[in-house]
């Protein structure tokens with residue numbers, strides 16, 4: 001015969017099990033919301049940049065001293081760009097850029113270093129790393145006009 005207020009048998013420790021389960025569930029949910037930071041790219045240190053001499057070094061010597069750039073100038077090979085950024089993700093939210101550094105090494109027409117600059121998010125400089133714009137080849141035509149313009153232009157296969 002069981003006494004009132006006490007559990008016996010298989011459910012004797014059920015309150016402890018529930019407490020442990022609740023603690024594990026709380027710990028797992030807090031761990032899922034902890035921020036995750038990922039870093040991509042490479043930016044040379046100030047010590048490495050001190051080895052680059054403006055007016056003396058060339059593209060080849062910069063690549064040997066610092067390494068290959070993340071990106072280079074598209075127009076006339078104008079410069080080297082070293083880019084690194086850190087993204088922070090919290091839970092299921094979209095990642096946000098928490099830091100970004102860009103080192104821009106400019107060259108003159110003869111390929112000699114003309115300037116070394118460092119930019120960050122705090123500088124407020126927006127650098128478009130990729131711009132994909134496709135021009136439309138149908139200027140001034142509405143959808144209805146394009147559809148009706150094709151009536152009568154159906155080519156039937158010749159047998």
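Read-outs throughout are calculated quantities, based only on the coordinates presented, and are distinct from any laboratory measurement. Being a predicted model, the structure only gives us computed values, none of them experimental. A quick note on method: Cβ atoms are made from the backbone with ideal geometry, for glycine too, and the neighbour counts reach across all protein chains shown.
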Item to check | Hits in the stretch 41-66 (condition: under 29 Å from residue 95 (Cβ atoms) and surrounded by fewer than 11 Cβ atoms within 10 Å (Cβ to Cβ)) | outcome: 45, 46
Checklist entry - Applying the selection to the stretch 98-110, what residues are in contact with a helix residue (DSSP H, G or I) (Cβ under 7 Å, 6 or more places away or on another chain) and more than 19 Å from residue 69 (Cβ to Cβ)? => result 99
Checklist entry - Looking only at residues in the stretch 80-111 that are over 11 Å from the mean Cα position of the chain (by Cα), in contact (Cβ under 8 Å) with a residue 40 or more places away in the chain and surrounded by fewer than 16 Cβ atoms within 10 Å (Cβ to Cβ), which one is nearest to residue 29 (Cα to Cα)? => result 91
